[in-house]
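Trainee: If you scroll down you'll find the structure; I have some questions about it.
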Amino acid sequence: VTVVRDDIVVSGVALAVPGLAAAGELLGDPRRGDGFDPTSALAGREMRNKDRASRLALWVAEAALRDSGLLGESGTVRGADRTSVVVSSNLGNIDGVCQFTDTIARETSAGLSPLGLPQTSNNVIAGWIAIRHGLRGPNLTVCNGPASGLDAIYWARNLILMGRADAAVVVGVEPAAETVTKLLRAPSGDRVACVVLEQGAAAAARPFVRRRAILKHCGRHANAWAAAAAAACQWAAADDGVGLWLMDASTSSLGQSDSVRELPRWLDIEAHLGPCSGALGVLQCVAGVAYLDQGGPGSVLATIEEPGRGTAATLLLSSATPARMAEPLSRAKSTQ
Amino acid sequence: MTAWDITGVGAVANLGNRADEVFDALCAGRDGRSPLQAFHADKYRVKHAYEILDRREPGRDEPLRASRWLTNVVAQALADASLSEDLSAVPVLVGTTMREQRSVELWWRDGAPFELADLDFAGVLRRRFGAVISYTFANACSASLYALGLASDLIELGVSDTVVVAGTDSITESAFGTMDRVQTETPQELRPFDVSHRGMLMGEGAAAVVLQRSGTGLARARARLRGVGMNCDAHHATAPHPEGIGAAVRAAHDRAGVQPEEIDLVMLHGSGTPRNDQTEARVMTEVFRGVKTSPLMTAIKSMTGHTLGGSGLLSLIMAVAALDRGVVPPVRGLVEPIEEAAGLRLVRDRCAVERMTTAQVNAFGFGGINAVAILEVA
């Protein structure tokens with residue numbers, strides 16, 4: 001068993017949030033057109049007889065694979081045998097689970113649809129993506145609370161580093177549903193994002209495909225500051241500073257901290273979109289790549305803190321093109 | 001050759017509250033079934049399950065049982081490995097099919113108290129063991145062997161020398177009901193590889209192991225993990241596929257650096273559905289074709305029922321005991337093997353006694369996700 005030494009890069013991104021058309025809109029770009037519309041996007045033969053989370057995930061995975069250049073004209077994915085699917089979702093199948101119990105109470109098990117069987121477990125989503133594109137690498141569903149999306153990126157990276165896959169489709173998905181709203185105690189909405197990870201050399205060797213961003217660091221730490229400190233070791237090496245900090249200011253200790261004002265540009269995606277649960281980490285990654293695509297200076301740091309659990313997850317992204325220094329911390333301003 | 005030490009084990013199932021109790025019950029061929037307790041039997045065709053009968057009020061279900069068993073087996077495994085119950089510096093990886101979905105059902109239907117934070121197992125692991133870094137993987141019925149493979153990767157990547165790996169599941173009404181609706185026949189017991197097999201019956205249970213970088217543990221290794229292969233059929237949402245399963249077995253052998261003739265024992269997935277049993281038997285026949293002595297094979301779900309996400313790790317822990325004692329429990333209820341299994345050395349009627357050094361453990365799940373582990377005597 002040998003560990004891969006190459007950079008892990010993000011080669012494709014996509015998001016599916018009602019009303020948003022492009023990842024840059026998460027950063028405050030003006031909205032273009034009507035944006036993602038679930039009603040039209042989730043129709044069609046491939047979408048039939050599947051739960052909402054799976055349909056959303058299928059849509060976004062195809063878009064990200066196309067963006068990465070791995071999806072051929074004929075619909076086949078290059079290197080499908082060695083491509084993994086890693087899904088982060090906490091609430092994906094909860095609506096189905098609750099509805100099935102209602103049906104049993106009313107009509108006994110005879111009232112259930114046999115087509116509902118796959119969605120009794122939340123790995124249904126990753127299964128459908130694998131089937132749709134013939135992706136035969138390890139297939140993983142991470143259901144790990146608020147920071148699950150960053151965890152999914154972490155595990156996808158590990159699968160590639162350990163030679164278990166050459167590429168990974170990482171999806172964060174939470175569906176809108178009444179049961180989900182009740183469990184969240186906040187309005188639910190479709191929150192979906194996808195990134196494609198692969199070895200840097202493989203992405204660079206493909207014609208017409210940019211290596212969008214390099215995954216410099218990811219993992220779990222005691223809190224967001226510790227996470228930032230661990231990431232700092234990496235950006236010190238990159239020597240370009242942090243240009244954008246994606247955080248969950250509404251729930252983390254950072255939001256209450258005076259130091260936040262000292263930070264470079266920072267952004268709390270949930271302040272705009274509401275609770276994103278397992279989709280948040282992947283949405284942060286997509287926003288970070290959009291920032292780097294726009295030529296934003298420095299690296300992008302993402303953190304999600306879970307104070308109740310005494311832990312935070314983190315991600316550090318750098319541009320794959322030569323670095324531009326971020327402004328010194330004292331001169332930077334929030335864009336909020 | 002890279003290998004990892006398994007220094008502690010823990011298990012609960014309908015057959016017992018400790019790993020050795022479960023193994024002894026398997027060797028005795030004990031039937032772990034009982035009439036359905038979790039839900040009102042009049043709503044289903046199937047009237048039995050392999051439940052853990054630990055409800056405070058028999059016949060009245062309660063939330064967070066899967067979490068309770070998880071902490072139980074993790075504590076067992078830590079004690080077995082001579083480790084303290086402080087997991088603030090040890091990652092915990094949990095594989096599950098249902099998470100705490102049964103608690104969600106009780107919350108939705110009966111208004112039982114439940115918080116979203118308890119849907120996965122990070123909270124309960126934090127409260128009981130001070131665990132800071134834990135991961136819950138909903139990887140269907142290969143979940144705990146997937147978690148085991150990912151844990152071996154964490155050690156290789158230098159993240160930690162010690163990782164706790166576990167699996168746990170309680171029966172959910174949504175899954176029990178949908179299986180009841182879908183299976184053509186109405187099984188009242190789980191009889192893997194027998195011509196009388198009628199389908200899968202759910203069980204409950206949890207399992208845990210402590211996995212350590214070779215030579216770094218305090219306790220003597222009970223067995224050594226040689227490698228885990230994992231993949232996806234990318235074929236069907238619920239049915240198994242021979243190509244994918246064959247590829248997972250080959251990946252496991254490659255990672256472990258073993259040849260088929262080195263395998264002495266196979267813990268089969270053996271879920272008792274005609275489709276699984278036929279497919280698994282065909283693939284095993286193919287994999288071990290031409291070896292001098294076929295490995296012994298058994299299927300513990302014939303007594304534990306299908307314990308879902310934790311079932312792979314439960315099989316693995318039973319393999320650790322089997323290698324250690326040189327005894328393999330029989331497949332309960334196996335009278336006439338299906339045609340596809342005719343060439344397999346399935347253990348029947350009573351325990352087989354044999355010297356063994358290497359075991360293979362199969363676990364296959366919905367979504368076509370397969371994981372196969374190889375272990376050897378320490």
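Throughout, read-outs are computed from the coordinates displayed, never taken from laboratory work. All values reported here derive from a predicted model rather than from experimental measurement. Neighbour counts are summed over all protein chains in view; Cβ atoms, including those assigned to glycine, are modelled from backbone coordinates with ideal geometry.
Trainee: Please give the peptides A:287-299, A:115-127 ranked by average Cβ packing (other Cβ atoms within 10 Å per residue), highest first, as a rough proxy for protection.
Mentor: So the order, starting with the most tightly packed, is A:115-127, A:287-299.
Trainee: Okay, moving on. Apply the Debye scattering formula to segment B:16-153, with a single equal point scatterer on each alpha-carbon and no solvent, then give log10 I(q)/I(0) at q = 0.12 Å⁻¹.
Mentor: Calculated log10 I(q)/I(0) at the listed q: -0.59.
Trainee: Net charge near A:Asp166: determine it from the other residues with C-beta under 10 Å of the C-beta of A:Asp166, scoring Lys and Arg +1 and Asp and Glu -1.
Mentor: +1
Trainee: So which residue, out of B:Arg55, B:Arg224, B:Arg345, gets the largest mean-square fluctuation from a GNM of chain B using Cα contacts under 10 Å as springs?
Mentor: Per the Cα network of chain B with a 10 Å cutoff, B:Arg55 tops the list.
Trainee: Measure up A:Lys50/B:Lys43; A:Lys50/A:Lys216; A:Lys182/B:Lys47 against 29 Å on the Cα-Cα distance and list the ones that go over.
Mentor: Those over the limit are A:Lys50/A:Lys216; A:Lys182/B:Lys47.
Trainee: Mind checking A:102-108 for the average number of partner chain beta-carbons within 10 Å of each residue's beta-carbon?
Mentor: If you average over the peptide's residues, the count of other-chain Cβ atoms is 5.
Trainee: Which net charge results when you count Lys and Arg as +1 and Asp and Glu as -1 among the other residues whose beta-carbon is under 12 Å from that of B:Arg18?
Mentor: Every neighbour counted, the sum reads -4.
Trainee: When the helix-only estimate is applied to chain A (DSSP H runs of n ≥ 4, each -39,500 (n - 2.57), divided by the residue count), what is the mean residue ellipticity at 222 nm, nearest 500 deg cm²/dmol?
Mentor: That comes out to -9500 deg cm²/dmol.
Trainee: What nm value, rounded to one decimal, do you get for the distance between A:Ala226 and B:Arg45 when each label is placed 7 Å out toward the C-beta?
Mentor: Taking the two extended label points, one gets 5.3 nm.
Trainee: Shifting gears a bit: Report the normalised scattering of segment B:241-299 as log10 I(q)/I(0) at q = 0.18, 0.29 Å⁻¹, calculated by the Debye formula with identical scatterers on the alpha carbons.
Mentor: -0.61, -1.40
Trainee: Where the convex hull is taken over the Cα atoms of chain B, what is its projected area averaged over directions, in nm²?
Mentor: For chain B, averaging the hull's shadow over all directions gives 16.6 nm².
Trainee: In the Gaussian network model of chain A, springs joining C-alpha atoms below 10 Å, which of A:Asp37, A:Asp248, A:Asp151 carries the largest mean-square fluctuation?
Mentor: Fluctuation is largest for A:Asp37.
Trainee: Counting DSSP beta bridges in the protein assembly as shown, what percent are antiparallel, to the nearest 5?
Mentor: Antiparallel bridges make up about 70 percent of those DSSP assigns within the protein assembly as shown.
Trainee: Here is a further query. Give the average, rounded to an integer, of partner chain Cβ atoms located within 10 angstrom of each Cβ in B:96-103.
Mentor: Mean number of neighbouring Cβ atoms from other chains: 4.
Trainee: Enter the mean number of other protein chain beta carbons within 10 Å of the beta carbon of each residue in B:365-377, as an integer.
Mentor: 3
Trainee: Shifting gears a bit: Between B:Ser88 and B:Arg220, how many nm apart are label points set 7 Å from Cα along the C-beta direction?
Mentor: Label-label distance for B:Ser88 and B:Arg220, simple model: 3.3 nm.
Trainee: Specify the angular offset, from 0 to 90 degrees and rounded to the nearest 10, of the alpha carbon long axis of helix A:280-293 from the longest principal axis of the alpha carbons in chain A.
Mentor: Roughly 50 degrees, rounded to the nearest 10.
Trainee: Now, a different point. Pick out, in residue order, every one of the GluC sites (Glu not before Pro) in segment A:1-101 that is DSSP loop and has at most 12 other C-beta atoms within 10 Å; say none if there are none.
Mentor: A:Glu73
Trainee: Next question. Evaluate E = 1/(1 + (r/R0)^6) for B:Ala117 and B:Lys292, where r is the Cβ-Cβ distance and R0 equals 56 Å; express this FRET efficiency to the nearest 0.05.
Mentor: Result of the calculation: an efficiency of 0.55.
Trainee: Also, I was wondering about something else. Note the per residue figure in Å³ for the convex hull of the C-alpha positions in segment B:318-378.
Mentor: So the per-residue Cα hull volume is 113 Å³.
Trainee: Within 13 Å, Cβ to Cβ, of B:Glu261, how many net charges do the neighbouring residues add up to if Lys/Arg are +1 and Asp/Glu are -1?
Mentor: That works out to 0.
Trainee: Next question. Helix-only mean residue ellipticity at 222 nm, chain B, DSSP H runs n ≥ 4 weighted -39,500 (n - 2.57), per residue, nearest 500. What is it?
Mentor: -9500 deg cm²/dmol
Trainee: May I pose another question? Would you mind ranking A:His133, B:His241 by Cβ crowding within 10 Å, fewest neighbours first?
Mentor: B:His241, A:His133
Trainee: Just to confirm the number: angle between the C-alpha axis of helix A:224-238 and the first principal axis of chain A, 0 to 90 degrees, nearest 10?
Mentor: On a 0 to 90 degree scale, this one is about 60.
Trainee: In vacuo Debye scattering of segment B:1-73, one point per C-alpha: log10 I(q)/I(0) at q = 0.13, 0.17, 0.28 Å⁻¹?
Mentor: -0.51, -0.78, -1.27
Trainee: In segment B:248-272, whose amide N lies under 16 Å from the spot 7 Å out along Cα-to-Cβ of B:Arg348? List them in ranges.
Mentor: Of the residues in segment B:248-272, none has backbone N under 16 Å from the label point off B:Arg348.
Trainee: Can you give me the angle between helix A:124-133 and the longest principal axis of chain A, using Cα atoms only, in degrees from 0 to 90, rounded to the nearest 10?
Mentor: Taking Cα atoms only, the helix is inclined about 80 degrees.
Trainee: Explain nothing, just the number: relative contact order of segment B:113-214, from Cα pairs under 8 Å at least 6 residues apart, as a whole percent.
Mentor: Taking the mean separation of contacting Cα pairs over the length of segment B:113-214, I get 25 percent.
Trainee: If R₀ is 35 angstrom, what is the calculated FRET efficiency for the pair B:Ala79 and B:Leu53, using the beta carbon separation as r and rounding to 0.05?
Mentor: FRET efficiency, B:Ala79 to B:Leu53: 0.90.
Trainee: May I ask for the longest run of chain B untouched by GluC sites (Glu not before Pro) that are loop-located per DSSP and have at most 16 neighbouring C-beta atoms (other than their own) within 10 Å?
Mentor: B:186-353
Trainee: What share of all Cα pairs of segment A:66-142, in percent, falls into each consecutive 5 Å distance bin?
Mentor: Bin by bin from 0 Å, the calculated values are 3, 15, 19, 17, 14, 12, 9, 6, 4, 1.
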